[in-house]
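Take this structure first; my questions come after.
The values are calculated or read from the model by the stated rules, or taken from the named source; none is laboratory data. Fair warning: this is a prediction, and the values are worked out from it, not measured in the lab. Quick reminder, even Gly has a Cβ in these numbers, built from the backbone with ideal geometry, and neighbours come from all protein chains shown.
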Amino acid sequence: MLFSATMPPRMDGMVRRYLRDPARIQIARATKTQGEAPLVRQNAYVVPRAHKPAALGRLLDTESPTAALVFCRTREEVDHLTETLNGRGYRAEALHGGMGQEQRDRVMERLRSGRADLLVATDVAARGLDIEQLTHVINYTVPSASDSYVHRIGRVGRAGREGVAITLVEPREHRMLKSIERAIEGRISVEKVPTVADMRAQRMELTRAALRESLLDDDLEHFRVVVETLTDEFDVMEVALAAVKLAHDTWGPAVDDEEIPEVAVKPVREKKQGRRDTSGREERRGRASTGGMVRLFVAAGRSAKIRPQDLVGAIAGESRLTGRDIGAIEIADRFSLVEVPEAAADEVIGALRNSTIKGRKVVIRRDAR
C-alpha cells in the first residue's frame, strides 16, 4: 500500500513500477456550500528577511496557537530560529534530520504533553507527524513547490477541525506565492503584520480581560486592607491605576518598539498562454551576448531532471534577481551553466548554497572556462 497527500507524476511512476494491478482509492475533494468558510484559514505576510523573527513573534502573540508547527528550509535555520524564539520567551523545540530517534521522541513528548508550544522543523523531519492539538502551521520560508505547501498545511484542519496556515513571504518571493495559489486553486490572503500600536492595544486588552476575570471569579477580600490604607493618602482612582500598571507590566508578552517596514506588493502579471515555454528561453538566449554577465556552473543537470525553469525559479526565489535578469541557460547531463549579471553573481552563489534545487543541495560556483 502506498499513501500520499498528493500524487505527482514521480509518485505515479513508482506505483506503476513496483505495484501489480493496484486498486486506486482517492478521497474526494471536500465540497463546501456557498458562503461556508474554509476549515484552514490561509494568510500570508510580506516581510523583509531581517524582520522575519520579529514578525513571527508578533503573529504568534496575536494568534495565540495551542500548538504550532513552524517550517524552515534547512536544519541550520531550524536551530537558529528555535534559539531565537526561546530567547524571546517562547517554548520552542527543534526537529530536523541531524537528530537521533531518541531526541525526536523526547521533542514530540514535550509537545504532546504541553511543555512546548512550538515545533520548528524541516520538511523531511516533519513527515508523518500527526499532532492532535496542532492549530497553526507557519511557513517561515516559502516552500519551493506547491506540493510541499499542500503537505505542510494539511497537518491542520484534519477530521473536521479548524486550523490556520501562515506564510512569511520575502518581497522577492511574492511570485512564488502566486504560483502556489494557482496550483491549489485557492486564494491566500495577504495581510499586514501587526504594528507596534496594534500590539500595545492587544496587550492592554489582555490586561483588561485578566483583571475583569479576577474581579468576577477571585476572592479579593483579603486585599481590602491594602486598598483602604492607600485611599487614606491617595484617590481611589489613582490606586486602581497603579494596580493596573503593575499587572500590565508583569503579565503578557513584551512589545517590540521597532516598526516592521511595510512592503508594497506589486501585482503579478500573468503570462500569456502558449508563450510560457518558448518566449522566456528565447529572450534569455537573445541576451546571452550582452555585457556585464558572468556564467555560473551548477553541479546538476538532465540526470537530476533539472530544467531551465528550475534554475530560474531557484535564482529568482533566493536572490533579488527576476527571471528577466537571467541570461542564457545550458543544461548538460551532469551540470548546468547559467548567466547572471556580474554584480549579482556572489549574491546568487551565496543564496543557492544555502538552498536546494529540485529538493537537493548543489555545488555552485563561477564557471572557470
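Mind checking which residues of segment 60-71 are closer than 13 Å to Leu118 by Cα and in contact (Cβ under 8 Å) with a residue 40 or more places away in the chain?
Leu60, Asp61, Glu63, Pro65, Thr66, Ala67, Ala68, Leu69, Val70, Phe71
Residue check, Gly57 against (1) within 23 Å of Pro8 (Cβ to Cβ); (2) in contact with a helix residue (DSSP H, G or I) (Cβ under 9 Å, 6 or more places away or on another chain); (3) part of a helix (DSSP H, G or I), all met but one. Which one?
All conditions pass for Gly57, except number (1).
Restricting attention to segment 175-193, and to residues there that are surrounded by 19 or more Cβ atoms within 10 Å (Cβ to Cβ) and touching a residue at least 40 places away in the same chain (Cβ under 8 Å), which single residue is nearest to Leu118 (Cα to Cα)?
In this case the residue turns out to be Val193.
Could you check segment 332-369 and list, in sequence order, the residues that are assigned to a strand (DSSP E or B) and either in contact (Cβ under 8 Å) with a residue 60 or more places away in the chain or under 18 Å from Cys72 (Cα atoms) (or both)?
Those that are assigned to a strand (DSSP E or B) and either in contact (Cβ under 8 Å) with a residue 60 or more places away in the chain or under 18 Å from Cys72 (Cα atoms) (or both): Ile357, Arg360, Ile364, Arg365, Arg366.
Determine, yes or no, whether Arg20 is surrounded by fewer than 10 Cβ atoms within 10 Å (Cβ to Cβ) and assigned to a loop (DSSP other than H, G, I, E, B).
Taking the combined requirement at face value, the residue satisfies it.
For segment 164-183, how many residues are part of a helix (DSSP H, G or I) and of a type outside the set (S, T, N, Q)?
Residues that pass the stated criteria total 12.
Still on this structure, please answer the following. For segment 94-116, which positions are in contact with an Asp or Glu (Cβ under 9 Å, 6 or more places away or on another chain) and surrounded by 21 or more Cβ atoms within 10 Å (Cβ to Cβ)?
Ala94, His96, Leu111
Among the listed residues Val40, Val47, identify the single one that is under 18 Å from Val164 (Cα atoms), touching a residue at least 60 places away in the same chain (Cβ under 8 Å) and touching a strand residue (DSSP E or B) at 6+ places or on another chain (Cβ under 7 Å).
Val40
Tell me the residue from Leu311, Leu321, Leu296 that is in a strand (DSSP E or B), modelled with pLDDT of 50 or more, of a type outside the set (Ser, Thr, Tyr) and under 27 Å from Val169 (Cα atoms), please.
Matching residue, one of Leu311, Leu321, Leu296: Leu296.
For Ala300, are the conditions met, namely being closer than 16 Å to Asp367 by Cβ, touching a residue at least 12 places away in the same chain (Cβ under 8 Å) and either of a type in the set (Val, Ile, Thr) or surrounded by fewer than 20 Cβ atoms within 10 Å (Cβ to Cβ) (or both)?
No: the conditions fail for Ala300.
Taking segment 235-275, which residues are surrounded by 13 or more Cβ atoms within 10 Å (Cβ to Cβ), in a loop (DSSP other than H, G, I, E, B) and modelled with pLDDT of 75 or more?
Passing the criteria: only Ile260.
Among (1) part of a loop (DSSP other than H, G, I, E, B); (2) at pLDDT below 80; (3) among the aliphatic types (A, V, I, L, M), which single condition is Val193 missing?
(2)
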